[in-house]
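Student: This is the structure, below, for whatever I ask next.
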Ligand SMILES: Cc1cc2nc3c(=O)[nH]c(=O)nc-3n(C[C@H](O)[C@H](O)[C@H](O)COP(=O)(O)OP(=O)(O)OC[C@H]3O[C@@H](n4cnc5c(N)ncnc54)[C@H](O)[C@@H]3O)c2cc1C
C-alpha cells in the first residue's frame, strides 16, 4: 500500500455506483484508493432507480444491505403502449427500488469505513507518463497513481480533455425525473410509452415513487415548459395521466439532464480503465445501467487486485484482459439494448411490436433476459 498522501495505488475519477463499488472492493484488498467526486453526498440523480437483483450477491460482498436502507422488492414489469394498452410480465430475476440519493451515499459511507479516501473536487486533467498517472483537479491538487479508473458517468469535461470520439456528436436525448407520493404498488416497475419517449415508474425507500422519463429534444422543444410537455404529450397515455394527477410531488422542481449519448465508447482509453457509463451506457428502457456499472466495477477491481499481486504481469496484459471480459459480459446486452431502442424510436415498428407483445406477452421475459446478466458471482 502506498503511504504518501498524494500518491495512491488507484485513483477513481467519479464516485457514483461504479466508482464507489470499486473503491470498496479495492480497499478490502488493502490497496490505497482515492475517489475524486465533484458533488457532495447525498444528491439526487436523474435515474429510474430500479436495480436488477443480479447485483445482490456483490452488494453483500461490499457489506451493503439495500433492504436495510428501505429498498422495495420488485417482481412485476408493466409495459404500456402510447395508446395506454397494458402488458404485464413477471420479471425473470426481479429487482429492487432505491433512490440514488440513498444508495450512493450509503456506498460512500462504506468506502470510507473500508479506508478509501473521498475528496470532493472535480478532475480536470489526467496525464499518463512513465507508466504512471498524474491527476489534476479544479482545486489545484495533483495526485499520482499507478492505476486510474474512469467512473465519471455518461459525459464529463474529462471526455473532452481525452478527446473521446463520442463527445463530438450531439445527442438528441434528455431526461426528467421527480419523486412523488401516492398510490403505487411496491412490487411493480412500469414503463409507459408516449410519443417521442418513455417513462419509468417504481417505488423507492420511504414510500416515494420515482417517475423518470426520457425523450428527445425535437419533441420537447415545441412546448414552453416541462409542465406543458407533460400535459400535452405524456398525459395522452392514461396511465401516466393517472400517476401525475393522483400523486403529490416531493421535489419543488423535477431534475433534468441532457446530451445523453448511447454511442459506443472504449472501455480502455489513454490507459484509463473505464467503468459504468464512462465505458458505455445502455438504453434506460432496459433498466439495467446500474447493475452494469456495478458489474464493470467488479470486473475491473478483480483484475486490478491481480495486477498489484503480480498475478497479471504488466499493464498491457491488464488492459487486454479487461477489454476481453468487458466485451464478453456487455457487448451483446448493449447490442440488444440498441435494437430495442431503435424499435421504440420507429413509430410504426414500435406499434407492431407492441401489438405482438399484447398477443404473446410470454415473449417479454425472454427479451428482458437478453438485456440482463446472471446473478453476480463473488468468487
Ligand atoms: C433517464 C435515465 C433513467 C435510467 N434508469 C435506470 C434504471 O431504472 N435502472 C438502471 O439500472 N439504470 C438506469 N439508468 C442508467 C443508470 O443511471 C446509469 O447506468 C448509472 O448511473 C451509471 O453509474 P455510474 O457510476 O457509471 O455513473 P454515475 O452514477 O453518473 O456517477 C458518475 C459520478 O462521477 C462524478 N463526476 C463526473 N465528472 C467528474 C469529474 N470531472 N470529477 C469528479 N467527479 C466527476 C459525477 O458527479 C457522478 O457522481 C438510467 C439512465 C437514465 C439517463
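Student: Could you list all residues from the stretch 258-315 that are farther than 22 Å from residue 173 by Cα, touching a strand residue (DSSP E or B) at 6+ places or on another chain (Cβ under 7 Å), within 12 Å of the ligand (Cβ to nearest atom) and part of a helix (DSSP H, G or I)?
Tutor: 300
Student: Could you check how many residues of the stretch 109-134 are under 30 Å from residue 60 (Cβ atoms) and near the ligand (Cβ under 10 Å from one of its atoms)?
Tutor: 2
Student: If we scan the stretch 323-334, do we find a residue that is in a helix (DSSP H, G or I) and within 26 Å of residue 129 (Cβ to Cβ)?
Tutor: Within the stretch 323-334, one or more residues are in a helix (DSSP H, G or I) and within 26 Å of residue 129 (Cβ to Cβ).
This table checks each residue for (1) over 25 Å from residue 351 (Cβ atoms); (2) surrounded by 14 or more Cβ atoms within 10 Å (Cβ to Cβ).
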residue: 174; (1), (2): no, yes
residue: 181; (1), (2): yes, no
residue: 187; (1), (2): yes, yes
residue: 193; (1), (2): no, yes
residue: 217; (1), (2): no, yes
residue: 220; (1), (2): no, yes
residue: 227; (1), (2): yes, no
residue: 240; (1), (2): no, yes
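Student: Kindly indicate whether residue 317 is buried (at least 24 other Cβ atoms within 10 Å of the Cβ) and at pLDDT 95 or above.
Tutor: no
Student: May I ask you to verify whether residue 266 is under 21 Å from residue 368 (Cα atoms) and surrounded by 15 or more Cβ atoms within 10 Å (Cβ to Cβ)?
Tutor: Judged against the criteria, residue 266 is not a match.
Student: Would you check which residues across the stretch 188-198 are over 17 Å from the mean Cα position of the chain (by Cα) and near the ligand (Cβ under 9 Å from one of its atoms) and list them?
Tutor: none
Student: Quickly run through the stretch 104-159 and pick out the residues that are more than 23 Å from residue 306 (Cβ to Cβ), assigned to a loop (DSSP other than H, G, I, E, B) and out of contact with any helix residue (DSSP H, G or I) (no Cβ under 6 Å at 6 or more places or on another chain).
Tutor: Residues satisfying the conditions are 121, 122, 138, 139, 140, 141, 155, 156.
Student: For the stretch 199-239, name all the residues that are within 16 Å of the ligand (Cβ to nearest atom), in a helix (DSSP H, G or I) and under 20 Å from residue 257 (Cβ atoms).
Tutor: Across the stretch 199-239, the qualifying residues are 217, 219, 220, 226, 229, 230, 234.
Student: Right, here's the next one. Applying the selection to the stretch 9-39, what residues are more than 8 Å from the ligand (Cβ to nearest atom), in contact with a strand residue (DSSP E or B) (Cβ under 6 Å, 6 or more places away or on another chain) and assigned to a loop (DSSP other than H, G, I, E, B)?
Tutor: 31, 32
Student: On to the next question. Within the stretch 243-252, take every residue that is part of a loop (DSSP other than H, G, I, E, B) and either closer than 24 Å to residue 189 by Cβ or under 22 Å from the mean Cα position of the chain (by Cα) (or both) and give me the one that is farthest from the ligand (Cβ to nearest atom).
Tutor: In this case the residue turns out to be 246.
Student: Among what's in the stretch 145-171 and is exposed (fewer than 15 other Cβ atoms within 10 Å of the Cβ) and away from the ligand (no atom under 14 Å from the Cβ), pick the residue that is modelled with the highest pLDDT.
Tutor: Out of the qualifying residues, it is 163.
Student: For residues that are in a loop (DSSP other than H, G, I, E, B) and within 14 Å of the ligand (Cβ to nearest atom), tally how many sit in the stretch 40-74.
Tutor: Total satisfying the criteria: 13.
The values are calculated or read from the model by the stated rules, or taken from the named source; none is laboratory data. All figures in this text were calculated on a predicted structure; none of them were measured in a lab. Backbone-built Cβ (ideal geometry, glycine too); neighbour counts: all protein chains shown.
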